[in-house]
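Engineer: Please find one structure pasted underneath; my questions will follow.
Please treat every number below as a calculation from the coordinates, not as lab data. The shown structure was predicted, so the numbers you read here are calculated from the model rather than taken from an experiment. As a convention, Cβ positions derive from the backbone with ideal geometry for all residues, glycine included, and neighbour counts pool all protein chains shown.
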Amino acid sequence: MRILALDATHETFSVALIEDHVLMAEMTLRLPKQVSTELVPVIHMLLNKLEWSLESLTLIAAAAGPGSYTGIRLAVTTAKALAYGARLPLVGISSLKLLAQALPPLPYPVYLVPLIDARGERTYGGVYYWRQEGGSWRLKTVVADRVQSVEAWVDTLQALPPLPGLAPESVDFRSTYILIGDPRVPYRDAWQERLGTSAYLIEGVYASSRAAHLTHLALEAWEDGAFADPFFVPFYIQKSAPEKKLEQK
């Protein structure tokens, strides 16, 4: 089984190819102004390196938002075009769930809160946690992706029930929430002021949104039969600034 995964929802864009659960090729570049010119050439370069054709793929996956409006449109449109041309199934994955996937399963219960700057002192976010099902771990959604202020997010988090279980005494970790930001948690000072030691921040290289992680979520979607409609629209959550200005005229 071969999967092509695309992500351009952050300042980076990332392309990965896997075969039978093995990562065969991946490239991640922090070139936000060059996504439109570099994304497709990178895809073809990696395919050529492996001597794969588009038709040899089993599935194409794209991070469908929220995040950068331009990046989301480019990744989703490219994935749609490639899937349509090669007659391949397509899946769209939440970019917030993808960001949460950057953190591996932990041996103690904790809420994972991936965050993306939505501007205007608001953040896109969701709440997830790892749960073991059979012999594998899966990310489960606690709070669906949404956009709101830091204050509203704090209220949302503090209203959540505690997850079952406790961190073992050997682990010096008592945070209830792990906030994840690529490349950084937006409005980090406001979060730390309101949540204090109950929140732990993961940023930078440790919270990198990668297409390789997207392939794992794509495999789960494949197993669940959760394919995207060929005409699905990206999950923007809120309208872009130009759209808002146009409505005000």
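Engineer: In nm, to one decimal, how far is the modelled label at residue 159 from the one at residue 108, with both set 7 Å along Cα→Cβ?
Structural biologist: Label-label distance for residue 159 and residue 108, simple model: 2.8 nm.
Engineer: Ok, one more. Let me have the 222 nm mean residue ellipticity of the chain computed from DSSP H runs of 4+ only, each contributing -39500 (n - 2.57), with the sum over all residues rounded to the nearest 500.
Structural biologist: When only DSSP H runs of four or more count, the value is -9500 deg cm²/dmol.
Engineer: Using 7 Å Cα-to-Cβ label points, what is the residue 238/residue 87 separation (nm, one decimal)?
Structural biologist: Reported label-point gap for residue 238 and residue 87 is 4.4 nm.
Engineer: Separate question: Under a crude label model (7 Å from the Cα following the beta-carbon direction), how far is residue 192 from residue 229 in nanometres?
Structural biologist: With each label point 7 Å from Cα toward Cβ, the separation is 4.5 nm.
Engineer: Pull up the DSSP beta bridges for the chain and report the antiparallel fraction as a percent, rounded to 5.
Structural biologist: 60 percent
Engineer: To continue, here is another question. With a/c under 1.5 counting as rounded, go ahead and sort the chain into rounded, prolate or oblate using the C-alpha gyration tensor (a ≥ b ≥ c being the square roots of the eigenvalues; past the cut-off, prolate if a/b is larger than b/c, else oblate).
Structural biologist: oblate
Engineer: Next question, about the same structure. Whose amide H sits under 5 Å from the amide H of residue 176, counting only residues 5 or more places off or on another chain, with H placed in the peptide plane?
Structural biologist: For residue 176, the qualifying residues are 199.
Engineer: May I pose another question? Which residues in region 196-212 have a backbone N closer than 16 Å to a point placed 7 Å from the Cα of residue 184 along the Cα-to-Cβ line?
Structural biologist: 201-208
Engineer: Count the lysine pairs in the chain that are 8 or more places apart or on different chains: how many have C-alpha atoms under 21 angstrom apart?
Structural biologist: 5
Engineer: Placing unit charges on C-beta atoms (Lys and Arg positive, Asp and Glu negative, everything else neutral), compute the dipole magnitude of the chain about its Cα centre in debye, rounded to 20.
Structural biologist: Using Cβ point charges on Lys, Arg, Asp and Glu, the chain gives about 620 debye.
Engineer: Separate question: Residue by residue through region 177-190, what is 3J(HN,Hα) from phi via Karplus (6.51 cos²θ - 1.76 cosθ + 1.60, θ = phi - 60°)? Round to whole Hz and write x for glycine and proline.
Structural biologist: Coupling constants for region 177-190: 10, 10, 8, 10, x, 10, x, 8, 6, x, 6, 4, 5, 5 Hz.
Engineer: Where nothing but the Cβ of Lys and Arg (+1) and of Asp and Glu (-1) is charged, how large is the charge dipole of region 1-136 around its Cα centre, in debye to the nearest 20?
Structural biologist: 340 debye
Engineer: Here is a follow-up. Name the GluC sites (Glu not before Pro) in region 33-70 that are in a loop by DSSP and that have at most 11 other C-beta atoms within 10 Å, would you?
Structural biologist: Counting only loop positions with at most 11 other Cβ atoms within 10 Å, the GluC sites (Glu not before Pro) in region 33-70 are 51.
Engineer: Ok, one more. Grab the beta carbon distance between residue 77 and residue 220, set R0 = 25 Å, and tell me the FRET efficiency rounded to 0.05.
Structural biologist: So, using R0 = 25 Å, E works out to roughly 0.60.
Engineer: Taking the Cα centre of each part, how many Å lie between region 6-37 and region 174-217?
Structural biologist: Value for the Cα centre distance between the two parts: 20 Å.
Engineer: Can you give the % of DSSP beta bridges in region 103-207 that are antiparallel, to the nearest 5?
Structural biologist: If I count the DSSP bridges inside region 103-207, around 60 percent turn out antiparallel.
Engineer: Let me ask something else about it. Treating the angle as unsigned and between 0 and 90°, give the value, to the nearest 10°, between the Cα long axis of helix 69-86 and the longest Cα principal axis of the chain.
Structural biologist: Taking the Cα atoms of the chain, the angle to 69-86 is about 40 degrees.
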